[in-house]
Structure formats: C-alpha cells, structure tokens
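To keep things clear, I will list the structure first and then write my remarks on it.
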Amino acid sequence: MEKYEIMFIVKATMESEEVKKTAEAFKKLVTDMKSKVLEFKELGEKKLAYPIKKEINGYYYVMQIEANHETVKEFDRKALLDENIIRHLIIKLDEE
C-alpha cells in the first residue's frame with residue numbers, strides 16, 4: 001500500500017448539506033475499497049483563481065490515504081464522472 005494525498009474541490013453553488021454528502025461519499029469510497037484515510041481536512045470555501053465550469057468559488061478538501069493502485073484509479077474515475085467535483089488532484093507521497 002502506498003501513501004497518497006488527494007485534493008478535491010466541490011461546487012459551492014450547492015446546499016451545504018449536499019457539499020458535505022459529496023465529500024463524505026468520496027471518503028467512504030476509499031474506506032469501502034479496503035484502504036485507510038489517514039487524514040481528512042475541510043479547508044472551507046475559497047475563491048477560485050479562475051472560473052472552472054462557470055464556478056467562481058469551491059469547497060476545498062484534502063485527504064491523505066494509504067491505498068493500493070485500484071483504489072486511486074477508482075477515486076479518479078468517480079471524481080471525473082461526478083458533476084459536483086470541479087477539480088481533483090492525486091499525488092503519490094514519497095516514502096520517508
């Protein structure tokens with residue numbers, strides 16, 4: 001299992017309950033695939049540097065996970081399909 005850091009931005013134009021549900025669904029996706037969420041942070045609503053899909057604000061989330069390649073691949077696939085996720089970034093962390 002490798003360590004990854006995932007950052008994703010959820011649309012801010014939704015109800016706050018929907019934003020939280022979306023974030024929790026992606027957290028649950030990781031745990032359902034037998035991987036560990038080491039850290040999960042909500043960074044709050046921030047103004048985007050430039051409009052993305054006509055959105056000017058977004059809710060930022062960062063999580064560190066310990067996962068296998070299949071989990072990361074599935075997270076990437078679902079994040080691309082989900083209309084509520086504006087952007088996401090997955091970084092493989094170096095071993096210390």
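Here, each number is a calculation from the coordinates, and none is a lab measurement. Small disclaimer: the values here were computed from a predicted structure and weren't measured. Neighbour counts run over all protein chains shown; Cβ positions are idealised from the backbone, glycine included.
GluC sites (Glu not before Pro), restricted to segment 15-46: which are DSSP loop and have at most 11 other Cβ atoms within 10 Å?
Glu15
Cα-Cα over 18 Å: which of Lys11/Lys73; Lys20/Lys46; Lys28/Lys73; Lys3/Lys92; Lys3/Lys47; Lys21/Lys41? All intermediate terms of the calculation are to be shown ahead of the outcome.
Numbers: Lys11/Lys73 22 Å; Lys20/Lys46 15 Å; Lys28/Lys73 15 Å; Lys3/Lys92 6 Å; Lys3/Lys47 29 Å; Lys21/Lys41 14 Å.
Over 18 Å apart, Cα to Cα: Lys11/Lys73; Lys3/Lys47.
Rounded to whole Å and ordered largest first, report the semi-axes of the equivalent ellipsoid of the chain derived from its Cα gyration tensor (root of 5λ).
23, 13, 12
Mind sorting His69, His88 by how few other Cβ atoms lie within 10 Å of their own Cβ, fewest first?
His69, His88
As an exercise, use a Förster radius of 25 Å and the Cβ-Cβ distance of Asp82 and Lys47 to find the FRET efficiency, rounded to the nearest 0.05.
That gives a FRET efficiency of 0.70.
Quantify how much of the Cα-Cα distance distribution of segment 5-58 extends past 19 Å, in percent. Write out the running numbers ahead of the final one.
Working: 485 of 1431 pairs.
Everything past 19 Å amounts to 34 percent.
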